[in-house]
Amino acid sequence: MPLYMDVHKKVEGASVEDVAQAHEMDLAVQHEYGVRYLRYWFNQSAGKVFCLADAPSAEAAMAVHERAHGMLPDEIIEVQDNLVEAFMGTASESLAPSALPPDGGENPGLDPGFRTIFFTDMEGSTALTQKLGDEQAMALLHVHNDIIRGALHARGGNEVKHTGDGIMASFISPKRAVECAIDVQKQFAVHNENEDHIPIRVRIGLSAGEPVEDNRDLFGACVQMAARACAHAQPGQILAPSLIRDLCLGKGFEFQDVGKVPLRGFDHDIRLFEIRWR
């Protein structure tokens, strides 16, 4: 069956218990419509709930909500199972008490659905392949992958996909995403100090957002922003929009304003900040 994510944008004042009760009410009647509500995310501060369901149609998924408690979503989109898991993590990662907590002292078992998107890009990968040959270039790529994946694992990042010469990942915590980006650059700097190593230099771009945005896509604009920030960065640089800086205020990071820049796919120039790590 298709997989749908719906968005309730006006649940101000609802408690964790209210949302959990509504989910239980969905589960009690869903079989009548051939629907399975699988997971939900609650952004209590923003008054939003995101629900994930297996359903024969969007109308069937909405009918469950209407029958169970009458609270219909503001929008609903069809999503791919592998993309939801890649961006949002498994149920145990996003809802279990052992999950890495969001910053700000929230309940570590309460996932608001907000994600920080993380992109890396290795400098000159095509030229390196031509210079070194396929075998040596592949060995260098393995070193690149090991460093980034090790940092992702240490900071609770979830790899979304390998892009060929980089990695895309998501984080529940903006702070941990920034820490991971700094870890990656520092580890490549150590690698490059060894005269026996072929230098590896990467660009990193970050952005953040909710799973369903105004363009009705799973992290659509957020992914584009992180990818474009990465493409604009210089090798060894970490760039992010002002939202990342705002989310990390008081966390001890140094952000340097690099000004407004034109990014492909965006109608207006975007102010970017460099995250200093040296």
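The values are calculated or read from the model by the stated rules, or taken from the named source; none is laboratory data. Keep in mind the model is a prediction, meaning the values are calculated, not measured. Don't worry about glycine lacking a Cβ; one is built from the backbone with ideal geometry, like all the others, and counts go over all protein chains shown.
If we scan the stretch 141-156, do we find a residue that is of a type in the set (A, V, I, L, M, F, W, C), in a helix (DSSP H, G or I) and modelled with pLDDT under 95?
Applying the first criterion (of a type in the set (A, V, I, L, M, F, W, C)) to the stretch 141-156 yields 141, 143, 147-148, 151-152, 154.
Subsequent filtering for residues that are in a helix (DSSP H, G or I) retains 141, 143, 147-148, 151-152, 154.
Keeping just the survivors that are modelled with pLDDT under 95 gives 141, 143.
Checking the stretch 141-156: at least one residue is of a type in the set (A, V, I, L, M, F, W, C), in a helix (DSSP H, G or I) and modelled with pLDDT under 95.
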- Query: Ala177 is checked against (1) under 24 Å from Gly209 (Cβ atoms); (2) without any contact (Cβ under 8 Å) to a residue 40 or more places away in the chain and fails just one. What number does that condition carry?
  - Reply: (2)
- Would the stretch 200-217 turn up any residue that is under 14 Å from the mean Cα position of the chain (by Cα), part of a strand (DSSP E or B), farther than 20 Å from Thr120 by Cα and not charged (D, E, K, R)? yes
- Query: With (1) over 23 Å from Phe171 (Cβ atoms); (2) among the small types (Gly, Ala, Ser); (3) assigned to a helix (DSSP H, G or I) as the list, and Ala86 as the residue in question, which single condition is left unmet?
  - Reply: (1)
- Query: Of (1) under 22 Å from Gly89 (Cβ atoms); (2) in a loop (DSSP other than H, G, I, E, B), Ala181 satisfies all except one. Which?
  - Reply: (2)
- Quick count over the stretch 221-278, residues being in contact with a Ser or Thr (Cβ under 6 Å, 6 or more places away or on another chain) and either farther than 26 Å from His144 by Cβ or β-branched (Val, Ile, Thr) (or both), is 1
- Query: Residue check, Ala28 against (1) outside any loop (DSSP other than H, G, I, E, B); (2) surrounded by 15 or more Cβ atoms within 10 Å (Cβ to Cβ); (3) small (Gly, Ala, Ser), all met but one. Which one?
  - Reply: (2)
- Kindly check whether there is at least one residue in the stretch 253-271 that is among the aromatic types (Phe, Trp, Tyr), touching a Phe, Trp or Tyr at 6+ places or on another chain (Cβ under 9 Å) and assigned to a strand (DSSP E or B). yes
- Note on the structure: Contact list, first residue from the stretch 60-75 and in contact (Cβ under 8 Å) with a residue 40 or more places away in the chain and assigned to a helix (DSSP H, G or I), second anywhere and of a type in the set (Val, Ile, Thr) and surrounded by fewer than 18 Cβ atoms within 10 Å (Cβ to Cβ), beta-carbon distance below 9 Å, six or more apart or interchain, is Ala68/Val29
